[in-house]
1. Would you confirm, using the coordinates I've provided, whether ASP118 is touching a Lys or Arg at 6+ places or on another chain (Cβ under 9 Å), at pLDDT below 95 and of a type in the set (Asp, Glu)?
2. I want to confirm something. Restricting to the range 107-119 and keeping residues that are part of a loop (DSSP other than H, G, I, E, B) and touching a residue at least 12 places away in the same chain (Cβ under 8 Å), which single residue is farthest from PRO135 (Cα to Cα)?
3. What are the residues in the range 107-140 that are of a type in the set (A, V, I, L, M) and out of contact with any Phe, Trp or Tyr (no Cβ under 9 Å at 6 or more places or on another chain), if any?
4. Looking at VAL104, VAL100, VAL123, VAL133, can you tell me which residue is in a loop (DSSP other than H, G, I, E, B), touching a residue at least 12 places away in the same chain (Cβ under 8 Å) and among the hydrophobic types (A, V, I, L, M, F, W, C)?
5. Out of the residues in the range 51-65 that are in a loop (DSSP other than H, G, I, E, B) and in contact (Cβ under 8 Å) with a residue 24 or more places away in the chain, which is surrounded by the fewest Cβ atoms within 10 Å (Cβ to Cβ)?
Amino acid sequence: MIRKTILLTAVCALAACNSPEGDGDTDATATSATGTVDGVDPNAEAGFEAVAPGQYEVVHADGSIDRLRILPGMTWAMVFADGEAVGGTIFAQDGKNCFVTEGVEGHQCFQGTEPAADGSMEVTAEDGEVMTVRPVEAAE
């Protein structure tokens, strides 16, 4: 549950940290190994089109840091501080950015603050957990 929350929070933060960069090819239905999220219009929800591909760190209150990568096509991959890796798809709902984790039923949504000057922001998961998401340079 905490890992799913971290991943989703990071994605929400990404949406708030980046300027819109839609590629116009985003499908309105996000698919995961457990099902689909039908009826999601990627251009209808504020903030959805702002989720930009790139790499991010998700910093938890305990100081642990997860690595998040947003990929083209509204998909994501995350490596948690303990080395566990997960991924899935992203969609918007009710002004929040939501994440579907491959192999996990359902989805989790996050609300983010306005980004700071350095691009970082705080995101809050549905369970109240607050995390900091910040962009990082891609390791070559």
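The values are calculated or read from the model by the stated rules, or taken from the named source; none is laboratory data. Keep in mind that this is a model prediction, so the values were computed, not measured. Because the Cβ atoms are built from the backbone with ideal geometry, glycine has one as well, and the counts that use them run over all protein chains shown.
1. Details: touching a Lys or Arg at 6+ places or on another chain (Cβ under 9 Å): yes; at pLDDT below 95: yes; of a type in the set (Asp, Glu): yes.
So ASP118 passes the test.
2. Filtering the range 107-119 down to residues part of a loop (DSSP other than H, G, I, E, B) leaves 107, 113-119.
Keeping just the survivors that are touching a residue at least 12 places away in the same chain (Cβ under 8 Å) gives 107, 113-115, 118-119.
Details: HIS107: 23, THR113: 15, GLU114: 14, PRO115: 11, ASP118: 8, GLY119: 6 Å.
The selected residue is HIS107.
3. Here is the first cut: in the range 107-140, the ones of a type in the set (A, V, I, L, M) are 116-117, 121, 123, 125, 130-131, 133, 136, 138-139.
Answer for the range 107-140, where residues must be of a type in the set (A, V, I, L, M) and out of contact with any Phe, Trp or Tyr (no Cβ under 9 Å at 6 or more places or on another chain): ALA116, ALA117, MET121, VAL130, ALA138, ALA139.
4. Working: VAL100 fails: in a loop (DSSP other than H, G, I, E, B); VAL123 fails: in a loop (DSSP other than H, G, I, E, B); VAL133 fails: in a loop (DSSP other than H, G, I, E, B).
Result: VAL104 is the single residue among VAL104, VAL100, VAL123, VAL133 that is in a loop (DSSP other than H, G, I, E, B), touching a residue at least 12 places away in the same chain (Cβ under 8 Å) and among the hydrophobic types (A, V, I, L, M, F, W, C).
5. Narrowing the range 51-65 to residues in a loop (DSSP other than H, G, I, E, B): 51-53, 60-64.
Subsequent filtering for residues that are in contact (Cβ under 8 Å) with a residue 24 or more places away in the chain retains 51-53, 60-61.
Values: VAL51: 27, ALA52: 17, PRO53: 17, HIS60: 18, ALA61: 9.
Taking the candidates together, the pick is ALA61.
Each row is one residue, and each column tells you yes or no for (1) buried (at least 23 other Cβ atoms within 10 Å of the Cβ); (2) modelled with pLDDT of 50 or more; (3) aromatic (Phe, Trp, Tyr); (4) within 21 Å of VAL130 (Cα to Cα).
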| site | (1), (2), (3), (4) |
| --- | --- |
| ARG3 | no, yes, no, yes |
| ALA13 | yes, no, no, yes |
| GLU45 | no, no, no, no |
| LEU71 | no, yes, no, no |
